[in-house]
Amino acid sequence: MKTHSKATTAAERLVDRLFLCAVAFPLFLLLALILGLIMAKPAKAEEIACTGTNLLTELADDNPEALEDVRRQAAETLNGKGLLWRVEKEGVAPSYLFGTMHMSDPRVVTLPANAHKAFEGADRVVIETTDILDQSTMAAAMFKRPELMMFTGEETLGDHLDDAQRQAVANALELRGIPFASVKKMKPWMLISLVALPACEIQRKEAGMPILDLKLAEDAQNAGKELLGLETAVEQLDAMASLPMEMHVRGLVETLALGDALNDVMETMVSLYEQGETGMFWPLIRVALPEQEDAPGDYTAFDQAMVRARNGTMAERAQPILDEGNAFIAVGALHLPGEEGLIELLRADGYTVEGVL
């Protein structure tokens, strides 16, 4: 994971895309798991384990100065440490805000002790969208707005690929047993969700192991707690579809070139999440994975559409829930830190928000 530009590999460049989706966009990971089951082979218990190397270790060996810069920036990130935060307002029982990672890895799905206690004591549980619990609701959303996921009319994916890209995509899909003709009507980001997860995540889903957000929702329902959502599936689809087509195409080409390096990407994400290092997300991406010369503005576009804009919506919709008190609100960890993160937005709205050690 060296700090360079033109020589940066496709595997390194893609860390940002998968990392951000995993901590900010549950629908992407859920679709990846659902679509991945189309091609998945029966899982064996002994195979459901991800193997990978923490890319931070590689960065420490190859460029310790860059890693130090990442840590410095993380330390300067407002509210950049910790996953669980107590939210209080005078006259109302405290609530909790928890940062999730939209994965099924046991290290993620097992709540830290303090988060488990807060969850158990809550009267209501809130996730980003409850639509992901109901396949019929998801299907209705897709049927209502097919243009968010599929090319309509005569347009196809091939219209957005040059000859070299089309051949590379077709070859890579063929290796996965997917004929290009069978997916040419899919928007690039939908196709990314089909190929973006390592086999272990698909196998976990096949074995009935839910991503963290789904587990929280199911546990809440089983305990008789009120379950609420802050967004709809269509709103999340709109956010992803609003990003430039060229950005999605680059992501698709790079995803297909990634191969087995997905395991390293996922191991890095889980390691940072376990440590509660939410402030390291963006600095790691920007320092270790410089933005490409042919793709200026990708990070800014993603941050605005998938994080900041949604933060404002989440904060607004969370307020009446927080004003009732005793809620456990679980959203992607990328939504917590920063000047425009949920923690600061709630403070600006008059709540006291403190990290829970």
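The values are calculated or read from the model by the stated rules, or taken from the named source; none is laboratory data. Here the structure is a predicted model, which means the values were calculated and not measured. Neighbour counts are summed over all protein chains in view; Cβ atoms, including those assigned to glycine, are modelled from backbone coordinates with ideal geometry.
How about region 222-236: which of its residues are at pLDDT 95 or above and either under 20 Å from GLY332 (Cα atoms) or not in a loop (DSSP other than H, G, I, E, B) (or both)?
First, pick out the residues of region 222-236 that are at pLDDT 95 or above: 222-230.
Result: ASN222, GLU226, LEU227, LEU228, GLY229, LEU230.
In region 322-357, of all residues being among the hydrophobic types (A, V, I, L, M, F, W, C) and surrounded by fewer than 18 Cβ atoms within 10 Å (Cβ to Cβ), the one that is farthest from VAL307 (Cα to Cα) corresponds to LEU357. Take the conditions among the acidic types (Asp, Glu), touching a residue at least 12 places away in the same chain (Cβ under 8 Å) and either assigned to a helix (DSSP H, G or I) or outside the structural domain of LEU243 (by TED's automatic domain parsing) (or both) and apply them to ASP159. Does it pass? No: the conditions fail for ASP159. Within region 121-146, the residues that satisfy the criterion of being modelled with pLDDT of 85 or more and of a type in the set (Val, Ile, Thr) are VAL125, VAL126, ILE127, THR129, THR130. In region 94-115 there is no residue that is surrounded by 14 or more Cβ atoms within 10 Å (Cβ to Cβ) and among the basic types (Lys, Arg). Considering region 316-335, and only residues there that are within 27 Å of VAL270 (Cβ to Cβ) and of a type in the set (A, V, I, L, M), the residue that is farthest from the chain's Cα centre (by Cα) turns out to be ALA327. For THR152, only one of the following conditions fails: (1) assigned to a helix (DSSP H, G or I); (2) without any contact (Cβ under 8 Å) to a residue 12 or more places away in the chain. What is its number? Of the numbered conditions (1) assigned to a helix (DSSP H, G or I); (2) without any contact (Cβ under 8 Å) to a residue 12 or more places away in the chain, the odd one out for THR152 is (1).
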